[in-house]
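Okay, so here's the structure we're looking at.
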Amino acid sequence: MEELSSKFGILAEISEKFPKNKKPVLVGGSAVEFYTRGTCKSIDIDVLGDRDSLEKVLEKMGFSKTGRHWFYTKEIGIEIVGDSTEGRRVNEILHEGKLIRILSIEDLIVERLNACKHWKSQYDCEQAQVLAGAYSDKLDREYLRKRMKEEDLEMELIKI
């Protein structure tokens with residue numbers, strides 16, 4: 001759990017540098033790792049946010065860029081995978097008193113199913129199933145169906 005805590009500690013420190021509505025949004029495997037409390041692991045931190053602003057903050061904090069990733073330590077890399085959360089829901093959580101924005105469970109399931117379908121990634125299929133199972137009583141199923149339809153994932157719903 002220490003690795004999990006340090007990932008979110010790093011993200012919380014980065015997020016502190018931005019106003020509330022401009023904070024980066026955690027997506028991808030580390031978001032799954034958060035929601036599954038470390039059951040599913042990720043090796044990097046994927047975020048959505050303004051690339052130029054994020055890169056400036058990362059540089060000021062002492063991160064260095066190697067390929068697509070920004071590293072402070074060689075164990076944890078940060079990748080800026082996009083800039084918009086338009087059409088998606090974002091949850092806000094407090095980590096050690098600091099606000100972190102994270103993609104909703106429903107949108108994360110859609111993200112994982114897209115990888116499952118288009119990249120033929122069995123691991124992403126399994127992550128979608130784990131999330132859907134763990135949060136089945138909390139999911140906004142109407143919103144999930146709408147998002148899956150938008151992404152042409154109706155058939156993937158059968159898998160979860």
With respect to ILE109, determine if the residue is out of contact with any His (no Cβ under 8 Å at 6 or more places or on another chain), modelled with pLDDT of 95 or more, under 22 Å from LEU139 (Cα atoms) and buried (at least 17 other Cβ atoms within 10 Å of the Cβ).
yes
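Applying the selection to the range 118-152, what residues are among the basic types (Lys, Arg) and surrounded by 18 or more Cβ atoms within 10 Å (Cβ to Cβ)?
First, pick out the residues of the range 118-152 that are among the basic types (Lys, Arg): 120, 138, 141, 145-147, 149.
If the condition is that a residue be among the basic types (Lys, Arg) and surrounded by 18 or more Cβ atoms within 10 Å (Cβ to Cβ), then ARG147 is the only one that fits.
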Among the residues of the range 37-47, write down those that are modelled with pLDDT under 95 and not basic (Lys, Arg).
GLY38, THR39, CYS40, SER42, ILE43, ASP44
One residue from SER42, SER53, SER64 being hydroxyl-bearing (Ser, Thr, Tyr) and touching a strand residue (DSSP E or B) at 6+ places or on another chain (Cβ under 9 Å)
SER64
Number of the exception - GLU75 against (1) surrounded by fewer than 17 Cβ atoms within 10 Å (Cβ to Cβ); (2) of a type in the set (D, E, K, R); (3) touching a strand residue (DSSP E or B) at 6+ places or on another chain (Cβ under 6 Å); (4) more than 28 Å from LEU153 (Cα to Cα)
(3)
Matching entry among ARG89, ARG37 (being surrounded by 13 or more Cβ atoms within 10 Å (Cβ to Cβ), within 26 Å of CYS116 (Cα to Cα) and not β-branched (Val, Ile, Thr))
ARG89
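Filter the range 80-128 down to the residues that are among the polar types (S, T, N, Q) and in contact with a strand residue (DSSP E or B) (Cβ under 9 Å, 6 or more places away or on another chain) and list them by number.
First pass over the range 80-128, keeping only residues among the polar types (S, T, N, Q): 84-85, 91, 104, 114, 121-122, 127.
Residues satisfying the conditions are SER84, THR85, ASN91, SER104.
The values are calculated or read from the model by the stated rules, or taken from the named source; none is laboratory data. These numbers were taken from a predicted model, which means no experiment stands behind them. Neighbour counts are summed over all protein chains in view; Cβ atoms, including those assigned to glycine, are modelled from backbone coordinates with ideal geometry.
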